[in-house]
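Everything below concerns the one structure shown next.
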């Protein structure tokens, strides 16, 4: 069994942080916030699955769902700041 990670409707950005080495990994949805989802399988070894929520019946052919995977060895605050910068850049391009 792996540790519990909030997923589904209770989930959000996943941040994994090592306070000794300052290694930080963030996985966060970047678009379509209301239909994207993450599932955590807690079986031995564990796994994470990302995609469209199960209640969606049809997906248009030109549909996209974007996620950010970002790593830094500069600590959690710099990763969170960079995430916001990347989101702002994306939204400026989209709108």
Q) Could you count how many residues in region 1-12 are under 26 Å from residue 74 (Cβ atoms) and surrounded by 15 or more Cβ atoms within 10 Å (Cβ to Cβ)? A) 2
Q: Consider residue 73 carefully, then state whether it is loosely packed, with under 14 Cβ neighbours inside 10 Å and either in contact with a strand residue (DSSP E or B) (Cβ under 6 Å, 6 or more places away or on another chain) or in contact (Cβ under 8 Å) with a residue 40 or more places away in the chain (or both).
A: yes
Q | Those residues of region 55-88 which are in a loop (DSSP other than H, G, I, E, B) and under 27 Å from residue 18 (Cα atoms), in sequence order | A | 66, 73, 74, 75
Q) Just checking, how many residues over region 8-52 are more than 22 Å from residue 88 (Cβ to Cβ), assigned to a loop (DSSP other than H, G, I, E, B) and in contact (Cβ under 8 Å) with a residue 40 or more places away in the chain? A) 8
(Q) What's the number of the only condition in (1) under 19 Å from residue 3 (Cβ atoms); (2) within 13 Å of the chain's Cα centre (by Cα) that residue 18 fails to meet? (A) (2)
Q.
For the list (1) under 15 Å from the mean Cα position of the chain (by Cα); (2) surrounded by 11 or more Cβ atoms within 10 Å (Cβ to Cβ); (3) outside any loop (DSSP other than H, G, I, E, B), I need the number of the one condition that residue 91 fails.
A. (1)
Q: Scan region 20-64 for residues that are surrounded by 15 or more Cβ atoms within 10 Å (Cβ to Cβ) and over 21 Å from residue 83 (Cα atoms) and jot them down.
A: 39, 40
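We did not get these values from a lab; they are worked out from the coordinates using the rules stated. Please read these numbers as outputs of a predicted model, since none were measured by experiment. Methodologically, a virtual Cβ is constructed for each residue, glycine included, from the backbone with ideal geometry; neighbour enumeration extends over all protein chains shown.
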